[in-house]
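The values are calculated or read from the model by the stated rules, or taken from the named source; none is laboratory data. On a predicted model such as this, the values are computed, not experimentally measured, just so you know. Every residue, glycine as well, gets a Cβ built from its backbone with ideal geometry; the counts of neighbours run over all protein chains shown. Accessible surface areas use protein heavy atoms only, side chains included; no ligands, DNA or RNA. Shrake-Rupley method; radii C 1.70, N 1.55, O 1.52, S 1.80 Å.
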Amino acid sequence: MKLKRSFYARPCLEVARDLIGKHLIHRRGDRLLGGRIVEVEAYVHEEDQACHARFGPTPRALTLYGEPGHAYVFLIYGMYDCFNVVTEPKGSPAAVLIRALEPQEDVAKLGKTDGPGKLCRTLGISRTHNGLDLTADLIWIESRRDKSPKVVTTPRIGVDYAGRWARKPWRFLDPNSPYVSRRK
DNA sequence: ATCCAGATGGTC
DNA sequence: ACCATCTGGATA
């Protein structure tokens, strides 16, 4: 069942935890590419010194200030895209980065999905999808009748520059999944 | 197994 | 001058 706008409109940390075990789907032509979400990170408000909204509503960060349930996709290190879902009501900049998927069906044949850059590459998600409404029919997240996964938290990856914000336990993952990205 | 340099370009 | 990454090569 496709997640509705009300799911995304809640506090970012709640949405992040609840996204573990959901399924991200991208309709590519006549195929559905996707997988089970096993790792995410929350980026929460302007005061979070790791969040792209820390400089206010700059051109890049504008999507974060928009309606919940839309995609925020940005370029990192000049060669990879990262896919996020915008959370919380309009005007409250917060988003959840999707970091790893357990690939579904034959998606694994297309590439790896154990990292934010890799999963975008494999699913065919790019900056052209920035601002896309995730309650529509191109890219969406759905819940299935799975047993609810165990969820643990750790600090976020690659944000050591953010001082005390780097130590917030805002990375959520399913510790039983072999598809979480490595690193500590 | 860990360490690390290099690729590559948008953003502030 | 960074940077929410990844790969491949060197080392052990």
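From the list A:LEU24, A:LEU64, exactly one residue is at pLDDT 95 or above, closer than 19 Å to A:TYR179 by Cα and open to solvent by less than 40 Å² (accessible area, probe 1.4 Å). Which is it?
Working: A:LEU64 fails: closer than 19 Å to A:TYR179 by Cα.
Going through A:LEU24, A:LEU64 in turn, just one is at pLDDT 95 or above, closer than 19 Å to A:TYR179 by Cα and open to solvent by less than 40 Å² (accessible area, probe 1.4 Å): A:LEU24.
With the checklist (1) without any contact (Cβ under 8 Å) to a residue 12 or more places away in the chain; (2) in contact with a helix residue (DSSP H, G or I) (Cβ under 7 Å, 6 or more places away or on another chain); (3) within 17 Å of A:HIS70 (Cα to Cα) in hand, flag the one item A:ALA136 doesn't pass.
Every listed condition holds for A:ALA136 apart from (2).
If I ask for residues that are basic (Lys, Arg) and either in a strand (DSSP E or B) or away from DNA strand B (no atom under 16 Å from the Cβ) (or both), which ones from segment A:28-60 would you list? Please lay out each step first, then the result.
So the first thing to find is which residues in segment A:28-60 are basic (Lys, Arg), and the list is A:28, A:31, A:36, A:54, A:60.
Within segment A:28-60, A:ARG28, A:ARG31, A:ARG36 meet the criteria.
Would you check if there is a residue in segment A:99-122 being within 18 Å of A:LEU64 (Cα to Cα), open to solvent by 40 Å² or more (accessible area, probe 1.4 Å) and within 16 Å of DNA strand B (Cβ to nearest atom)?
There is no residue in segment A:99-122 that is within 18 Å of A:LEU64 (Cα to Cα), open to solvent by 40 Å² or more (accessible area, probe 1.4 Å) and within 16 Å of DNA strand B (Cβ to nearest atom).
Is it the case that segment A:61-73 has a residue that's part of a loop (DSSP other than H, G, I, E, B) and over 20 Å from A:LYS90 (Cα atoms)?
Scanning segment A:61-73 turns up no residue that is part of a loop (DSSP other than H, G, I, E, B) and over 20 Å from A:LYS90 (Cα atoms).
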